[in-house]
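The values are calculated or read from the model by the stated rules, or taken from the named source; none is laboratory data. None of these values were measured; they are calculated from a predicted model. A quick note on method: Cβ atoms are made from the backbone with ideal geometry, for glycine too, and the neighbour counts reach across all protein chains shown.
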Amino acid sequence: MAKKPPKQLALLDEDLCTGCEACVSVCPVDCIDTKPGHNHQAVMQTCSIDLVRCIGCTLCAQVCPWDCITMVPSDQMLRETKFAREFVEA
Ligand code: SF4
Ligand code: SF4
């Protein structure tokens with residue numbers, strides 16, 4: 001059965017992310033992972049959020065020094081097919 005999403009989910013703008021890992025260390029459910037950077041040479045890694053595991057606590061958005069994480073209402077996020085499929089398959 002599909003998981004019921006929280007009221008809001010964290011949307012990470014990978015184009016702005018510097019890979020500082022501040023968000024990784026505060027996430028209570030460990031749903032933020034690092035991956036090799038691809039945006040420009042100075043950035044060795046970026047982060048991505050597993051939205052299926054995100055509980056919408058907002059901690060990552062509060063600590064990001066570059067404001068690259070935005071809390072978005074889940075229904076708005078799920079209207080985008082890409083994210084809706086993640087929940088259906090969970
Ligand atoms: S909102 Fe909370 S649970 Fe979701 S990615 Fe950010 S820190 Fe993790
Ligand atoms: S805190 Fe912001 S800049 Fe740092 S890794 Fe997380 S999303 Fe990227």
In this structure, is P73 out of contact with any strand residue (DSSP E or B) (no Cβ under 6 Å at 6 or more places or on another chain) and at pLDDT 85 or above? no
Every pair of residues 6+ apart whose Cβ atoms lie under 9 Å, when the first sits in the stretch 52-77 and is over 22 Å from T18 (Cα atoms) and outside any helix (DSSP H, G or I) while the second is of a type in the set (D, E) and within 11 Å of ligand 1 (Cβ to nearest atom): R53/D30
Here the residues within the stretch 49-60 that are more than 6 Å from ligand 1 (Cβ to nearest atom) and buried (at least 18 other Cβ atoms within 10 Å of the Cβ) are L51
Taking the stretch 23-32 and keeping only residues that are loosely packed, with under 13 Cβ neighbours inside 10 Å and within 11 Å of ligand 2 (Cβ to nearest atom), one is left with S25
